[in-house]
Amino acid sequence: ASYQSDIKKILAYSTMSQLGYMFIAVGLGAYSSGIFHVFTHAFFKALLFMGAGAVIVALHHEQNIFKMGRLKERLPIVYITMFIATLAISGIPPFAGFFSKDAILVSAFASGHFVIWGMGSLTAMLTAFYMFRLLFTVFHAPSHDTKELQVLPSSMTRPLMVLALGSATAGFIGMNEAY
């Protein structure tokens, strides 16, 4: 399988860009913004990996995203929670990643590091692109596979819902710090 088709590898690459934000914050001396991003990142990244695991289990351990598709209706809880995580990691307001990424980008801009701000902003756009690509490929793309999905136990879906709540709301904790 190519590097672009393995769902776990795509999520691992997105971890690198999020670590970059944390390093930017530390390099700028914006330590609280870096720690805040670590905190919000924990919610949406854990949700993405657990959601990917749920998809893999439901599809009998298939990991190639191009062999998936049309899972929105078949795995609605996984879809909704992964959609929330995708919004959060993409930095879409009012989800958690918006507040923590924005705090770092504001620090870069306010301190006159416009190249760092530009690179961080570009990285945010690239992250949004490949995460939505993953979401649309797995959950919306056409699929001819009619094989029965494995039923996901509540021990898999309940943690997804808890992490989705954190991905949607944890950013408000740092609102006073960032704004």
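The values are calculated or read from the model by the stated rules, or taken from the named source; none is laboratory data. Keep in mind that what you see is a predicted model, and the values were worked out from it rather than measured. For neighbour counting, all protein chains shown are included, and Cβ atoms are generated from backbone atoms with ideal geometry for every residue, glycine included. Surface areas here come from the heavy atoms of the whole protein model, side chains and all, with no ligands, DNA or RNA. Shrake-Rupley method; radii C 1.70, N 1.55, O 1.52, S 1.80 Å.
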Task: Amide proton proximity set for L149, modelled H, under 5 Å, gap of 5+ - done: none
TODO: Report, to the nearest whole %, how much of the accessible area of region 126-179 belongs to carbon and sulfur atoms, 1.4 Å probe, protein only.
DONE: 66 percent
TODO: Could you look at region 60-118 and say what percent of its accessible area is carbon and sulfur, using a 1.4 Å probe and all protein chains?
DONE: 69 percent
- [ ] With runs of 4+ DSSP H residues as the only contributors, calculate the mean residue ellipticity of the chain at 222 nm using -39,500 (n - 2.57) per run, divided by the residue total and rounded to the nearest 500.
- [x] -23500 deg cm²/dmol
TODO: Round to the nearest 0.05 the FRET efficiency obtained for I80 and Q150 when R0 = 22 Å and r is the Cβ-Cβ distance.
DONE: 0.70
Open item on the list: Based on alpha-carbon centroids, what's the gap between region 116-141 and region 41-60 in Å, whole number please?
Closed with: 17 Å
TODO: May I ask you to evaluate 6.51 cos²θ - 1.76 cosθ + 1.60, the Karplus curve with θ = phi - 60°, for each residue of region 46-59 and list the ³J(HN,Hα) values in order in whole Hz, giving x for glycine and proline?
DONE: 4, 5, 5, 5, 5, x, 4, x, 5, 5, 4, 5, 4, 9
Task: Radius 14 Å from Cβ of L71, net charge of other residues (Lys, Arg +1; Asp, Glu -1) - done: +1
Task: Computed over the chain: relative contact order in percent, which uses C-alpha pairs under 8 Å that are six or more apart - done: 34 percent
Task: For the chain: accessible area per residue (Å², 1.4 Å) - done: 50 Å²
